[in-house]
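One structure is given here, and the rest of the page talks about it.
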Amino acid sequence: MHLDSVSVTEADANAKKEVHAGTVLGYAGVSGSIASGGKAPHLHLEIATVLDAYGHGESVRTNPARFVALIQKASDDFAQWKGNYYANFEISRAEGDFQIKYTIRILSIDDISIIEKINNEDNNIQDIFIESVSADKIVFKSKSDKNLEYIVSKIKGAYYLMGSTIYLLNPPNDKYLLKK
């Protein structure tokens, strides 16, 4: 890289400091052998890897294009899940019958809501985040309740509401049909 200055240092990396979208890594400049060429500031991006997990071995430079492709695939996997999902089912337990409705809204990675309605009592599931996403399922967890788990799964073209929270409502039933 031809930088004027570096904002994220090797010490930051060793301390496992996280960087996020928008984090300034450095400021573009003209340095090294390029400086005498009089060219405009620019950036070369490459990823250097080592041969083992302990940081030992020969450094191998890798074209970052394959990593960009992986990020794009993850973005594509998420895009297919955007939308509203509805489940409506009844369960019978020893303590009575229950009418259960779920509304799941996935607007963006950071804008997700799950509303559970049991016999007309609303429960807005708090602190939901996406734990994982793939072509066939998206998994939601709660930051405030580690026992909550919801999965929206696509099986043979149909969507299902699944996960440990759903299973515990009415074992052995582990999935309920969703309308999208």
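The values are calculated or read from the model by the stated rules, or taken from the named source; none is laboratory data. It should be emphasised that the depicted structure is a prediction, and the values quoted were computed from it without experimental measurement. Quick reminder, even Gly has a Cβ in these numbers, built from the backbone with ideal geometry, and neighbours come from all protein chains shown.
Being exposed (fewer than 11 other Cβ atoms within 10 Å of the Cβ) and of a type in the set (Gly, Ala, Ser) is the filter here, so list the residues in the range 72-96 that pass it.
Ala79, Ser92, Ala94, Gly96
Of the residues in the range 128-180, how many are of a type outside the set (Val, Ile, Thr), touching a Ser or Thr at 6+ places or on another chain (Cβ under 6 Å) and either under 24 Å from Gln72 (Cβ atoms) or not assigned by TED's automatic domain parsing to the domain that holds Phe98 (or both)?
Count: 1.
Per-residue answers, yes or no, for (1) of a type in the set (D, E, K, R); (2) over 26 Å from Leu70 (Cβ atoms); (3) over 18 Å from the mean Cα position of the chain (by Cα); (4) assigned to a loop (DSSP other than H, G, I, E, B):
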position	(1), (2), (3), (4)
Ile112	no, no, no, no
Phe129	no, no, no, no
Lys141	yes, no, no, no
Leu168	no, yes, yes, no
Asn173	no, yes, yes, yes
